[in-house]
Amino acid sequence: MSPVPNLDMQQTVNGTSNGIQGVKHNTHRHDLSENPLHRVWRGNKDGTVTLAGVPTFENKYDEREWIKNLQGHMAAAFRYWGKLGFGEGAAGHITVRDPVLPGHYWMNPFGVHFSCITICQKSKLVLVGPDGFVTTHGAQLPINTAGYVIHSAIHEARPDVVAAAHCHSLYGKTWSVFGRPIDILQQDGCLFHDNLSVYANYGGVVLAAEEGHNIATALGPKNKACILQNHGLLTLGNTIDECIYLFGLLDKQCHLQLMVESAAANGIPKCIISPEDAEYTAKTNGYWETMYINVCYLGP
């Protein structure tokens, strides 16, 4: 990557850059105390036109079925990965906490292509117990050892996390070679402002518990995304929907970064979004319920 200068938004708005006249910042900010989901859509005046959010359930067993089936988006998440070509052999895994059994989580089986996990085959989802072994409550299929090592450490360290996703997507693993975070270059990428870690200690296939704990430590107490150097991407979420949306978005932002670095090699400076604007945007678009709505529009 060429060591070209970077311009943040504050630099460009205070003057000109390469003959381009800057404009002043709009310092107006809407009331952030409002529910972030309610800030991004508008219905009619009497309130009868509304946007449905994350469904609620009368009991945990209904919630479990929603998580597992296509409507609950766990199977849809795998199908989405299959559609995007994220499969790389047997690598890649998503886990979701079971709402009924503490310490248990649902996971895709080893050796089953992402696109094959559909609503008609929801029995292929495996329920893993606290000891790391397949239980009798789900599909009787083996799981990926590396997936268990990474995800179990994360679920243990982050009780706030419901879902975790990791695979070797093309642009994510390409950008991971540099061992550095992405720049906040564009509105969608603001979701990773103060929300992205880098684990720069590749040690081969993750089969040791210590490595899983090291990755969990790199994520810290709040970040929901991590770039694993020479490996790939990892995202977390309050729901499977938030988790899978962040993963797809991070891979796209890695693609964007690679293209920007290529274009900037001739000396044109990058214009990086200011931390203030990135934070404001993240507080609106990065709300977990907003990302659930985004997943609803990913398509079949």
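Things to note:
- Residues in region 132-157 that are in a loop (DSSP other than H, G, I, E, B) and in contact with a helix residue (DSSP H, G or I) (Cβ under 7 Å, 6 or more places away or on another chain): Gly132, Ala139, Leu141.
- Members of region 188-210 found to be in contact (Cβ under 8 Å) with a residue 12 or more places away in the chain, assigned to a loop (DSSP other than H, G, I, E, B) and not hydrophobic (A, V, I, L, M, F, W, C), listed by number: His193, Asp194, Asn195, Asn201, Tyr202
- Residue within region 130-144 that is closer than 21 Å to His231 by Cα, over 19 Å from the mean Cα position of the chain (by Cα) and buried (at least 17 other Cβ atoms within 10 Å of the Cβ) present: yes
- Enumeration of residues in region 158-171 that are crowded, with 17+ Cβ neighbours inside 10 Å and either over 12 Å from Asn238 (Cα atoms) or under 10 Å from the mean Cα position of the chain (by Cα) (or both): Ala163, Ala164, Ala165, His166, Cys167, His168, Ser169, Tyr171
- Single residue of region 216-245 satisfying the filter (touching a strand residue (DSSP E or B) at 6+ places or on another chain (Cβ under 7 Å), assigned to a helix (DSSP H, G or I) and in contact (Cβ under 8 Å) with a residue 60 or more places away in the chain) that is surrounded by the fewest Cβ atoms within 10 Å (Cβ to Cβ): Leu219
Bear in mind that the values in this text are calculations on the coordinates, not laboratory data. These numbers were taken from a predicted model, which means no experiment stands behind them. Please note: Cβ atoms are built from the backbone with ideal geometry, for glycine as well, and neighbour counts cover all protein chains shown.
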